[in-house]
Amino acid sequence: MPNFGECHEGLEAFRIAGLPPDFYYIPNFVSVEEEASILQKIPANRWTHLTHRRLQAIPSTLTKTNTLLAAPLPTYLVTPVVSRFKDLGIFDQTPHQQPNHVLVNEYRAGEGIMPHEDGDAYAPVVATVSLGAALCLDVLPKPGDGGEKEKDKENEQDGECDEYKVPMRILQEPRSLLITTGTAYRALMHGIAAIEVDEDLGMDTVANWDLLGDRRAVEEAGGRNVRGTRVSLTYRDVLKVSSAASKVLGGLGRR
Ligand SMILES: O=C(O)CCC(=O)C(=O)O
Ligand SMILES: [Fe+2]
């Protein structure tokens with residue numbers, strides 16, 4: 001089976017070259033108008049409040065067995081974003097060939113998310129649309145696989161990963177798309193530091209520096225990004241879907 005990169009030559013120009021495969025960063029994936037329209041349509045009364053952010057799982061939270069109760073995504077999350085995913089073939093190789101689940105996360109300045117991996121409830125492709133403000137995603141090695149030292153040894157042996165500097169940061173500008181798949185999905189963790197300013201941003205410290213939509217703004221701000229409120233939409237394909245449940249819900253008029 002060909003890997004993601006081999007099937008998506010059109011995306012090659014957007015690959016984050018300095019990181020293990022495959023991260024792709026596309027600036028200005030949605031327009032300013034589209035961004036405003038999506039933000040305005042996120043329902044105000046559906047937030048789950050966590051200590052360091054608030055979130056909405058759409059269409060619903062997965063069950064204890066990581067099953068999705070099938071229900072269509074709301075239109076504001078489908079148009080225009082999912083049609084653009086189709087044009088790029090982002091979910092062409094996942095079981096349902098389209099995203100069926102979206103987590104909406106909101107981070108105010110000073111909020112973040114602990115380093116984690118997204119796990120095996122989903123096909124290993126995540127498409128993250130950022131809205132509202134910029135922040136840095138930290139990319140880290142997974143602890144436990146013998147630790148970093150062991151990894152370095154392995155890397156020396158196969159000579160394949162030497163060129164990658166991890167931990168590293170990806171600056172996610174508003175309106176951008178970040179795709180995480182392959183080794184990047186399976187072998188790395190990601191998190192967002194709970195800070196108010198991302199500092200020391202530049203070509204050596206930001207993995208997607210060359211791909212940014214507005215490098216100049218960051219340079220003019222002296223390599224600092226003062227955080228505002230950022231909303232992320234993380235689109236995924238949940239592997240286990242129960243359509244029986246959705247029929248019951250549909251019958252109850254819960255669509
Ligand atoms: O907001 C983000 O970009 C990351 C969110 C995330 O890691 C997740 O929902 O699993
Ligand atoms: Fe995540």
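Summary table
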| read-out | value |
| --- | --- |
| So LEU11, is it in a helix (DSSP H, G or I) and hydrophobic (A, V, I, L, M, F, W, C) | yes |
| Inter-residue pairs, beta-carbon under 9 Å, first more than 23 Å from THR61 (Cβ to Cβ) and without any contact (Cβ under 8 Å) to a residue 40 or more places away in the chain and in segment 215-238, second among the β-branched types (Val, Ile, Thr) and open to solvent by 10 Å² or more (accessible area, probe 1.4 Å), 6+ apart | GLY223/THR205; ARG224/VAL197; ARG224/VAL218 |
| Elements of type helices (runs of 4 or more DSSP H) contained in segment 21-102, each with 2 or more residues being modelled with pLDDT under 95, touching a Ser or Thr at 6+ places or on another chain (Cβ under 6 Å) and exposed (fewer than 14 other Cβ atoms within 10 Å of the Cβ) | none |
| Subset of segment 201-238 (residues that are within 21 Å of TYR107 (Cα to Cα), in a loop (DSSP other than H, G, I, E, B) and charged (D, E, K, R)) | ARG224, ARG227 |
| Every residue from segment 184-231 that is under 16 Å from VAL139 (Cα atoms), within 16 Å of ligand 2 (Cβ to nearest atom) and surrounded by 19 or more Cβ atoms within 10 Å (Cβ to Cβ) | ALA184, TYR185, LEU188, HIS190, ILE192 |
| Pair list, Cβ under 9 Å, 6 or more apart: segment 43-54 residue in contact (Cβ under 8 Å) with a residue 12 or more places away in the chain, other residue aliphatic (A, V, I, L, M) and open to solvent by 100 Å² or more (accessible area, probe 1.4 Å) | HIS52/MET114 |
| Criterion: touching a Leu at 6+ places or on another chain (Cβ under 7 Å) and more than 14 Å from SER130 (Cβ to Cβ) - qualifying residue of LEU39, LEU11 | LEU11 |
| Near pairs, Cβ below 6 angstrom, 6+ apart or cross-chain, from segment 106-118 (open to solvent by 30 Å² or more (accessible area, probe 1.4 Å)) to any residue that is outside any strand (DSSP E or B) and at pLDDT 95 or above | ARG108/THR229; ALA109/GLU196; ALA109/ARG227 |
| Residue count, segment 220-234 (criterion: more than 14 Å from ligand 1 (Cβ to nearest atom) and touching a strand residue (DSSP E or B) at 6+ places or on another chain (Cβ under 7 Å)) | 3 |
| Count - residues of segment 119-134 that are open to solvent by 20 Å² or more (accessible area, probe 1.4 Å) and more than 11 Å from ligand 1 (Cβ to nearest atom) | 3 |
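The values are calculated or read from the model by the stated rules, or taken from the named source; none is laboratory data. Just so it is clear, the structure is predicted and the values come from calculations on it, not from any experiment. Quick reminder, even Gly has a Cβ in these numbers, built from the backbone with ideal geometry, and neighbours come from all protein chains shown. When the accessible area is computed, the model is the full protein with side chains, heavy atoms only, and any ligands, DNA or RNA have been set aside. Shrake-Rupley method; radii C 1.70, N 1.55, O 1.52, S 1.80 Å.
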